Amino acid sequence: MSASPGFPDPQQLIPHRGPMLLVERVLGLRSDGVSCEGRIPPNNPFVLSDRVPALIAIEFAAQAAAVFEALARGEADSVAGPRLGYLVSVRGARFAVHELPVGEPLVAHVCRAGSAPPLAVFDVRVEQGGREIMSATLGAYCATPGSAP
């Protein structure tokens, strides 16, 4: 895993580790969103015959949204480590495929659609090979240090 020039490694930004860490690097950051690249690792627990259900694209997009939140808060150098967040809603999800292949590059585009801290809403899109494979609106609870949902 490698960080993109100018951006920290996603492991500095989100708590996911091992085969559940899907975001590999930040491609670009805007004031209202982020684009991240990632892939499904072969040892991910959802893998069956080198494929995973397309629903995993939602998790990938949610991780990209968490990366955006961490970057927007300037937490890359935080001593406390990544802050926890929780995916609380998925609306209007559309899938162009039923399954995703393991190890193939994916790109998540995240745009903050609104927020009322500690809640935030994101419009997300996941692409594979330049083709949109999933879009949705995600709601997230972004925990503050020392808080619990």
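The values are calculated or read from the model by the stated rules, or taken from the named source; none is laboratory data. Predicted, not measured: the structure shown is a model, and the values here were computed from it. FYI the Cβ positions are ideal-geometry reconstructions off the backbone, even for glycines, and counts take in every protein chain you see.
Values as computed for the structure displayed
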read-out	value
Of residues in the stretch 48-59 being among the aliphatic types (A, V, I, L, M) and at pLDDT 95 or above, the one farthest from residue 132 (Cα to Cα)	52
Exclusive hit being buried (at least 18 other Cβ atoms within 10 Å of the Cβ) and closer than 18 Å to residue 38 by Cβ, set 125, 131, 112	125
Number of the condition not met by residue 149 [criteria: (1) loosely packed, with under 14 Cβ neighbours inside 10 Å; (2) modelled with pLDDT of 95 or more; (3) touching a strand residue (DSSP E or B) at 6+ places or on another chain (Cβ under 6 Å)]	(2)
Breaking point among (1) modelled with pLDDT under 90; (2) closer than 23 Å to residue 130 by Cβ, for residue 62	(1)
Top-ranked residue of the stretch 29-58 - restricted to ones that are in contact with a His (Cβ under 9 Å, 6 or more places away or on another chain) and over 11 Å from residue 100 (Cα atoms), ranked as surrounded by the most Cβ atoms within 10 Å (Cβ to Cβ)	36
